[in-house]
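A short write-up of the structure that comes next.
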Amino acid sequence: MRTLGGEGGSGGAEPSRLEQLRVSARGWHGVQLAIIGFIGFCGVLQDGSPDNPTWLQVLSGVLALVALVLACVATFLVGRVAWPLYGGEPRGAVAGAATELARDGRRLRTGLVLTFAALTALALGNAAGWWPQDEGDGGGDALVQVQAVSGERVCGALGEARPGTLSVVAGGRPVVVSLRAVAVVRPVGSC
């Protein structure tokens, strides 16, 4: 009497495990393609801060490229498992399937490890945006000199004012000037 799985029934287990591995690889392959797109999207959106040290900007760029290369290699490995290309060599029945299962399992594991390494490299590269910046350019302590149409001048830091007016804090007290009376506003280094 002949059974569907071949003689002994053990031959049917390996190809079904191999097929399960390939189905899993197809799912991961879709995730990897999304990750490659995400890496490219992050590279386009990343606005370099010129205040960051040069070494940090270079490191960030190198890590982004490493992430892209790792993601591409990982996608290739998982793609080979998901959609294998068969050559002209004959395939063995049980021994060939077991060897193929082991080889494809290693490829899938390596591809997944490289995928997570690519995400880690991308995260480290984008962490450069968190580098502390000087807050001196915020504008709050910037000094200005305001000249009215009448020729009067006041120098100090800008303060909060009502609509239609300009407030300059000079000598610790605010001086409010109507915008209609302002002739020139100039930033200055000191008063």
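The values are calculated or read from the model by the stated rules, or taken from the named source; none is laboratory data. Predicted, not measured: the structure shown is a model, and the values here were computed from it. When we count neighbours, we look across all protein chains shown, and the Cβ atoms used for this are built from the backbone with ideal geometry, even at glycine.
For the subset of the stretch 94-116 comprising residues that are polar (S, T, N, Q) and surrounded by fewer than 18 Cβ atoms within 10 Å (Cβ to Cβ), which member is modelled with the lowest pLDDT? Among those that are polar (S, T, N, Q) and surrounded by fewer than 18 Cβ atoms within 10 Å (Cβ to Cβ), it is Thr99. The residues in the stretch 117-133 that are assigned to a loop (DSSP other than H, G, I, E, B) and surrounded by 13 or more Cβ atoms within 10 Å (Cβ to Cβ) can be counted, and the count is 1. Just one of (1) closer than 30 Å to Thr165 by Cβ; (2) touching a helix residue (DSSP H, G or I) at 6+ places or on another chain (Cβ under 8 Å); (3) modelled with pLDDT under 70 fails for Ala148. It is (3).
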